[in-house]
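What follows draws every value from the coordinates through simple rules; no lab data is involved. Computed from a predicted model, the values in this text were never measured in an experiment. FYI the Cβ positions are ideal-geometry reconstructions off the backbone, even for glycines, and counts take in every protein chain you see.
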Amino acid sequence: MLGDEKRIVLSFDDGPGPVSALESILGTLRENDIKAEFYVLGDEVRQFPEATRMIVDQGHDIQNHSWSHPNLAQETEEEVRRELERTQDIIEEVSGVRPTKIRPPYGAGGFRGHLDPELVRVAEELSLAIVTWDIDTEDWKAPQGLGEEKIAYIEEQFTQMPRKVSFNVLMHILAGTARDLPSFISRLREWGFTIAEP
Ligand SMILES: [Zn+2]
């Protein structure tokens with residue numbers, strides 16, 4: 001089967017809002033006994049401190065996705081530092097946890113072969129590993145969520161990497177994704193994947 005002896009980590013970007021979608025996603029993860037990664041925005045952590053704590057209290061990883069979602073590859077080093085450091089500080093202040101990973105918005109400056117030197121320097125200063133993803137669900141594209149069209153695209157991506165054994169699957173905190181997550185998790189398990197802890 002597609003996922004035999006292969007592991008997946010589920011990850012969610014751009015939260016912690018909207019809170020209703022987050023709560024639904026957290027409920028689904030709890031019911032399926034899955035721990036995931038959440039790459040949150042500093043500005044949203046400031047707006048939704050309770051939601052931020054919910055992620056951590058339920059045993060998930062919380063990580064840095066910048067303060068305001070700019071293309072970090074186009075920012076000055078000073079701006080990159082401000083975006084990442086403020087986010088480190090507010091996440092720690094609100095949740096007690098200091099992130100260890102940064103996923104740059106749009107993956108900009110974060111992919112091997114395209115690393116942005118300013119981002120690399122600042123990430124190193126802040127002891128942050130720069131990470132991207134392996135499977136892009138495109139859950140934000142219309143029709144939003146993880147419907148059959150998206151599932152076919154996801155299956156195709158797995159098929160194109162036959163020798164890879166571990167995958168980070170990118171999703172977003174969206175109502176459509178929250179709605180479709182239970183059936184998506186069932187599908188991943190039908191394909192034979194093990195859903196692993198981050
Ligand atoms: Zn994002």
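Sticking to Cα atoms, compute the Rg of the chain to one decimal and its Dmax as the biggest Cα-Cα distance, whole number, in Å.
16.3, 48
Which of the listed residues, 1, 188, 56, is farthest toward the dipole's positive end in the chain, when Lys, Arg count +1 and Asp, Glu count -1 at the beta-carbon?
Looking along the dipole axis, the top candidate is 1.
Quick one: 3J(HN,Hα) in Hz for segment 58-72, Karplus 6.51/-1.76/1.60 with θ = phi - 60°, rounded, Gly and Pro as x.
Computed from phi, the couplings for segment 58-72 are 8, x, 8, 7, 10, 9, 8, 10, 5, 7, 10, 6, x, 7, 5 Hz.
For residue 101, which sequence-distant residues (separation of 5 or more, or a different chain) have an amide H within less than 5 Å of its own amide H, given hydrogens modelled in the peptide plane?
Residues meeting the criterion, in which the H sits 1.01 Å from N, are 64, 129.
Note the angle between two axes, namely the Cα long axis of helix 19-31 and the longest principal axis of the Cα atoms of the chain, as a number of degrees from 0 to 90, rounded to the nearest 10.
Once rounded, the angle reads 50 degrees.
With a 10 Å Cβ neighbour count serving as the proxy for reagent exposure, in which order, fewest first, do 172, 69, 60, 114 appear?
Fewest-to-most ranking of 172, 69, 60, 114: 114, 69, 172, 60.
Can you sort 171, 54, 1, 161 by how many other beta carbons sit within 10 Å, fewest first?
Ascending Cβ contact count within 10 Å gives the list 1, 161, 54, 171.
If packing is taken as the mean number of other Cβ atoms within 10 Å per residue, what is the order of 152-158, 94-100, highest first?
Ranking the peptides 152-158, 94-100 by packing returns 94-100, 152-158.
Neighbouring Cβ atoms within 10 Å as the yardstick, rank 35, 141 fewest first.
With the sparsest Cβ surroundings first, the list reads 141, 35.
Quick one: which residues, 5 or more positions from residue 67 or on another chain, have an amide H under 5 Å from its amide H? H modelled 1.01 Å from N in the peptide plane, none for Pro or chain starts.
Amide H neighbours of residue 67, under 5 Å, 5+ apart: 42.
Show the residues, 5+ positions off or on another chain, whose built amide H is closer than 5 Å to the amide H of residue 14.
It is 39, 41, by chain and number.
Segment 1-99: which GluC sites (Glu not before Pro) are DSSP loop and have at most 16 other beta-carbon atoms within 10 angstrom?
5
I'd like the antiparallel share, as a percent to the nearest 5, of DSSP beta bridges with both residues in the chain.
In the chain, DSSP labels about 0 percent of beta bridges as antiparallel.
For segment 146-188 and segment 65-137, write down the distance between their C-alpha centroids in whole Å.
Each part reduced to its Cα centre gives a spacing of 24 Å.
For residue 150, which aspartates and glutamates qualify as cross-link partners when the Cα separation must be under 14 Å and same-chain residues fewer than eight apart are set aside?
List returned: 136, 138, 139, 180.
Using the crude model of +1 on Lys and Arg Cβ and -1 on Asp and Glu Cβ, and no other charge, please compute the dipole size for the chain relative to its Cα centre, in debye to 20.
With Lys and Arg at +1 and Asp and Glu at -1, about 440 debye.
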